[in-house]
1. Quick one: if you take sqrt(5λ) for each eigenvalue of the C-alpha gyration tensor of the protein assembly as shown, what semi-axes come out, biggest first, whole angstrom?
2. Taking the Cα centroid of segment A:119-137 and of segment B:314-346, what is the distance between the two, rounded to the nearest whole Å?
3. Averaging sequence separations of C-alpha pairs under 8 Å and six or more residues apart, then dividing by the length of segment B:256-488, give the relative contact order as a whole percent.
4. With a 10 Å cut-off between alpha carbons and a GNM built on chain A, which of A:171, A:366, A:337 moves the most?
5. Farthest toward the dipole's positive end in segment A:7-110, which of A:77, A:19, A:91, given Cβ charges of +1 (Lys, Arg) and -1 (Asp, Glu) about the Cα centre?
6. Aspartates and glutamates within cross-link reach of residue A:370: Cα-Cα under 18 Å, excluding same-chain residues under 8 positions apart?
7. So which aspartates and glutamates can residue B:53 reach, going by Cα to Cα under 20 Å and dropping same-chain residues fewer than 8 places off?
8. I'd like the orientation of helix B:473-484 relative to chain B: the angle between its Cα long axis and the longest Cα principal axis, in ° from 0 to 90, rounded to 10.
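A short reminder: the numbers here are calculations on the coordinates, not readings from a lab. Fair warning: this is a prediction, and the values are worked out from it, not measured in the lab. Cβ placement follows ideal geometry from the backbone for every residue including glycine, while neighbour counts extend to all protein chains displayed.
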Amino acid sequence: MIKNLKKSSAGKRGDSVRSDCYFEIELKNSGGIKIDLKSKVNVMYGESIKQMILDMCKFFGLKDAKILLEDNGALPFVLAARFELAIKRLAHPPAPSLKEEEFNITELNKNFNKEYLLPFNEKNLYSTKKDQLRRSRLYLPGNEPKFFVNAGLHSPDGIILDLEDSVAPSEKDAAQLLVRNALRSVDFYGAERMVRINQLPKGLDDLKYIVPNNVNVILVPKCESAEQINQLEKEVEKLKKQFKVENPIFFMPIIESALGVIKAYEIASASKYNCALAIGLEDYTADIGTQRTNEGRESIFARQMLVNAAKAAGIQAIDTVFSDVADMEALRQSVLEAKSLGFEGKGCIHPRQIKIVHEAFAPTVEEIEKAKKIVLAFEEAKEKGLGVVSLGTKMIDPPVVKRAIRTIDLAILNNLLDKNWKKKQ
Amino acid sequence: MKLVKNAAGRFVPTKVNGQPQIPFKGVDKYKPTGYKAKPPIRTCIDYPSDGNKVVKDLKTALKKAGLKDGMTISTHHHLRNGDVVTNLLFDVIHEMGIKNIRWFPSASFPVHSHLIKYLEDGTIHHIEGSMNGPLGKFTSEGKMKGVGVLRSHGGRYQSMQDGEVHVDIAVIAAPTADPFGNATGDRGKSACGLIGFALGDSEYADRVIIVTDNLVPFPCVPWQIQGNNVDFVVEVESLGDPKKIVSGTTEVTKSPDRLLIAEYVADFIEAAGIMKDGFSLQAGAGGTNLAFVLFLKEKMKAKGVKARFMRGGSTKYLVEMLEEGLTDYILDGQTFDLEGVRSMRENANHVNTSPFTSYNFHGKGNFASIVDTAVLGATEVDVKFNANVVTHSDGYLLHGIGGWQNCLYSKCTILAIPSFRDRIPVIVDDVTTLCGPGELIDVIITERGIAINPLRKDLIKAVKGSGLPIKDIKQIKKEVDEICGGVPAKPKFNKEKVVAIVKWVDGTVLDSVFCVEST
């Protein structure tokens, strides 16, 4: 409900702002829609911007208002998110209150909960698998649109639009709409589409913005109990039914506290939708009252516990982010160490980290050679109808075969092995 | 103004500022004949026998040089945005009540927005050089009395050599000079490296004035400018702000997308087989350009490849390549940072060059076409590989041509550009202003993929199977238009009013810049 207000604003303004915009709406009691457009792309897109604003006014039933737009090259999905927010913020004004009857807002009130949804980018209508490769996941602040559009070009396995720590408490509503629009409009170039929601139970409010818009994985921060995941599952199931979502949606709980570590297995096995368990060491080290070091001795228990819990539950173990974006060699060492502990992925906070992470997770020559032998032996056994795979005198168990196939896939992905390697054998 | 369609299909005037013009006839299709321009004969007995040409101040020098209404005054841009000499020069000209000057700089910078008031009051009639930033806006809005003429660095030299532009007085800011007029840019508190852009002016102008803030006893060695060509020497307190003349350090871009472009550039140069022993390249000082050099350096080290020469725009990154033995020479056209200045002073293999040595249309050969690859930028490119460097998609003049046109002659010309900036597509159907014909542009490298000019079948073949994201330029354009929300609208121009012309390297008119209609 629009209650007793006159003015609202949304977005970012100022000379340093890029690829974003700022809206101000001032309700009037007559005179129709007046647009004051200041845009650096006025010559190229001024007309289409005005048209979109008018469409949106009609959609929401906004009839008499003065609208200011300061645009620093915001893309259409950003403009739409910011303007929708400005309209919705008419309900939460920092502005002086005025009497409702002064304004022509009956229709606006009626349409207030509607969503202005841009067409779905068809390139984004893909789904992912529970055991998808998740070597790298790139965190993007959910309210910083300038990073969204090109993130996929850096080829991370996953892109996380973050609604949690990178978004100021006063901008949570802004990030929800922006992330929703991004999930629909921005080409992720095949990367797994991830969203980190807010800590539960607050994070449940984020779900309606992402579940209907083909999110692949929901990251659940500061997870400390199985009940939280159960609660999440219930809510997601409800929304999937409501919006007829058929694509699978997976969960990646993030363990960031001493309690979370102790309950790791319980959390990891709480839902069939769990695909991975991740660890967040910044908060964890604070929680146990110590400092995070590069050697990481303080977190060795937590990390091993997490790997163990994840594997016991049959899902992936994913390591924390590496926060020194300038030190690529230290990143490489950190990934090699994570790999040796049993982790299968690492968080990235800068696109330049992705390539290093992929290289470091790539199998070694010895690993590839061994995997080739196992895969060939497996296929030979299958062809001959043998129930048991053996290599030389050694019996090979199914998990080993599965791991070898994974190694081969990774080798091919990293251009370490030709995809027709069997023919060349 | 009568406009005709030139060989590039662009409408250009046949007369500008009273001078007849030749429309562009096609790349390498125009060859003027006759003899080169020449300066007047001077005699040494007319100059002080003790070699002391120092006069009291700039005003005195200009008076003695015979400054009159309507003359052509040239300056160079090696002091970049730190330049105070040009502004001082026009303060003096204004004070002397002189009008209708043709200002012939090798480039202009935002600091020269000081001159807008002299363009308004008629002290300056028009600019032939570059119209950057605020001067570009002023010109685009049709406020300049005459029509601007945009030339490349090589084209500027060509115009002096074949007599298209006759410089009456050259005013050359020199970081170090002696009373005879020998001058250098590689030392002194305002050191800028070299002052090669003023070399032609010193040779062809009627009168030459050296302005320095570091007067040393004869001889000033090295003499990048020879005192034999100099009429007067003026000492001033300061040539400008050293921090804005050269940057302390030049910074590599931190933008992940620009770094991705730079990485693709280095990958392409390797995959195309260009990076081999004895190769050569041209690099600028833009963030993406610096970054590709760093990526290429790693590749060269890994493969043990050494270049014969690198052309710059020198920066500390090129200097490191020279000092680590990854190139035999730097052939330097302008020095961008303090390391570049130091290296030029100390290292005989860091060679100072001028537009004559590098880009000379009337020379007996062309350095620029010897270079294996040049990596350049652009404000716009179109699907026919034509490119624009002077205007933006909103129609406003914003940059000069610099050495860009000249560098297009390299064996493999690469434009390293983002596919869009904020919401402004860089790949368009038709460039707003044509500065470089597509037939000379071989590769366009964006963060969304690499487009190779279909004319370069050899390059297409060379990188086949390299795993690089080779795409059709129209495909990249389509992707970008989808992101930006459709094909951008074109600016509205007054097609009756030409505010500037773009010259090709041979002196013909390649395109017109029209007056922007205010919205």
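1. They are 58, 36, 25 Å, listed largest first.
2. 47
3. Computed value for segment B:256-488: 18 percent relative contact order.
4. Most flexible of the set in this elastic network: A:366.
5. A:19
6. Output for residue A:370: A:379, A:380, A:397, A:409, A:418.
7. B:168, B:178, B:201, B:203, B:206, B:213, B:231, B:235, B:237
8. 90
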